[in-house]
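Each reported figure results from applying straightforward, stated rules to the coordinates on display, with no laboratory input. The structure displayed is predicted, hence computed values, not measured ones. Note: ideal-geometry Cβ built from the backbone for every residue, glycine included; neighbour counts use all protein chains shown.
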Amino acid sequence: MRAPQPEPPIPGSFATPSLLAWIVNGKYVMSLPLYRIETDLKACGATISRQDMANWMMNVHAPDSTCKCNGWFRVGLF
């Protein structure tokens, strides 16, 4: 028996909450540009484009977004 898979925070995306948190932390807390985050991910064996990461960041921050993490930044969880 298997538990149902949880819905991703951004519908239609493979980004998990922990991946989004890692990218947001790198971008906004550590002030890393997306090309450096992309390089770090490649070193770990994950190929995620800067375009995908930029789209996720816009989706996370958009007030009318369907992202389930919408509002995290406004309530101070990051």
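Computed from backbone phi with θ = phi - 60° and the Karplus coefficients 6.51, -1.76 and 1.60, the 3J(HN,Hα) list for the range 28-38 is 9, 9, 8, 6, 8, x, 4, 5, 6, 5, 4 Hz; x is used for glycine and proline.
Under the simplified labelling scheme, the residue 2-residue 14 pair shows an inter-label distance of 1.6 nm, with each label point 7 Å from Cα along Cα→Cβ. Annotation: peptides 16-29, 42-55, ranked by per-residue average of other Cβ atoms within 10 Å with the highest first, follow the order 16-29, 42-55.
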